[in-house]
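Novice: Okay, handing you the structure first.
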Amino acid sequence: SIQKYLGDADVVMIPAMIDDLPVSKIDDECFANHSEILKVVMPDTMRSIGYKAFYGCSALREVSFPDGLYEIKGWSFAHTAIPEAKLPDSLKKLGYGTFYGCNKLTEVILSPDVVKLDENTYSNCVRLKSVTIPSPDITIDVAAFDEGKSVVIIGVPGSMAEKYAKAMGLGFEAYEGQ
């Protein structure tokens, strides 16, 4: 795992191997508050991103979420400048507050296997326009989004995502994907 970042590069390339061992995890707070980071490239060996791993990386605007990534823990990308998050189909767990306060985030496309959106997952994302939720069985915490914002949830008709959108005053569009 990557335990602590001591560098100052604006582009971070996480290696697939260190000392002949696969790098599969970024530890808690590993890159937190590194305001110089603009871009992060993760290897296909990455499976887990720790709690607050990139929290407060205020200039971070590009992240490659690799196939094989299984979980992103709470607050991992809170207060970053990511404009969009196309999450891989392998992703199953998305922690609370994951993208909290991402002021440049406009679009999110979730994996069909994400089954829960926790509290504050997308709260305080003032430019967020759409979140695609392909799972018909997802559970969404009442405080996952800011109530009454101009967010459109794109989801399966009749799903919990549609019921949530209507209950919270958010827009809803039918998901046309597979």
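Throughout, read-outs are computed from the coordinates displayed, never taken from laboratory work. Because the structure is predicted, anything quoted here is derived from the model rather than measured. Cβ: placed from backbone, ideal geometry, glycine included. Neighbour counts: every protein chain shown.
Novice: Using Cα-Cα distances under 8 Å and only pairs 6 or more residues apart, what relative contact order does the range 135-178 have, in percent?
Specialist: Relative contact order here is 41 percent.
Novice: Amide H to amide H under 5 Å from residue 127: which residues, 5+ apart in sequence or cross-chain, H placed 1.01 Å off N in plane?
Specialist: Residues meeting the amide H criterion: 105.
Novice: Give the Debye-formula value of log10 I(q)/I(0) at each listed q (0.12 Å⁻¹), with one equal scatterer per alpha carbon of the range 27-78, two decimals each.
Specialist: The Cα Debye sum returns log10 ratios of -0.22.
Novice: Specify the residue with the greatest mean-square fluctuation among 43, 134, 157, computed from a Gaussian network of the chain linking alpha-carbon atoms under 10 Å apart.
Specialist: Comparing 43, 134, 157 in a Gaussian network model of the chain, the most mobile one is 157.
Novice: Under a GNM of the chain (C-alpha, springs under 10 Å), which listed residue has the highest mean-square fluctuation: 158, 50, 68?
Specialist: Its mean-square fluctuation being the largest, the pick is 158.
Novice: Normalising by the residue count of the chain, find the relative contact order in percent from Cα pairs under 8 Å and 6+ residues apart.
Specialist: 13 percent
Novice: Considering the chain as a Gaussian network with a 10 Å cut-off on Cα pairs, which listed residue, 46, 168, 13, attains the greatest mean-square fluctuation?
Specialist: 13
Novice: Over 5 Å intervals from 0, what percent of Cα-Cα pairs in the chain sits in each interval?
Specialist: 2, 9, 18, 23, 20, 13, 8, 5, 2, 0, 0
Novice: How much space per residue, in cubic angstrom, does the convex hull of the C-alpha atoms of the range 1-92 take up?
Specialist: 76 Å³
Novice: Which aspartates and glutamates have a Cα less than 12 Å from the Cα of residue 166, not counting those fewer than 8 places away in the same chain?
Specialist: Leaving aside aspartates and glutamates fewer than 8 places away in the same chain, those within reach of residue 166 are 147.
Novice: Round to the nearest 0.05 the FRET efficiency obtained for residue 109 and residue 21 when R0 = 45 Å and r is the Cβ-Cβ distance.
Specialist: FRET efficiency, residue 109 to residue 21: 0.90.
Novice: So what's Rg/Rh here for the range 68-161, counting alpha carbon atoms and using the Kirkwood radius for Rh? Each step should come with its number before you reach the end.
Specialist: Numbers: Rg = 11.8 Å, Rh = 12.8 Å.
Radius of gyration relative to Kirkwood radius: 0.92.
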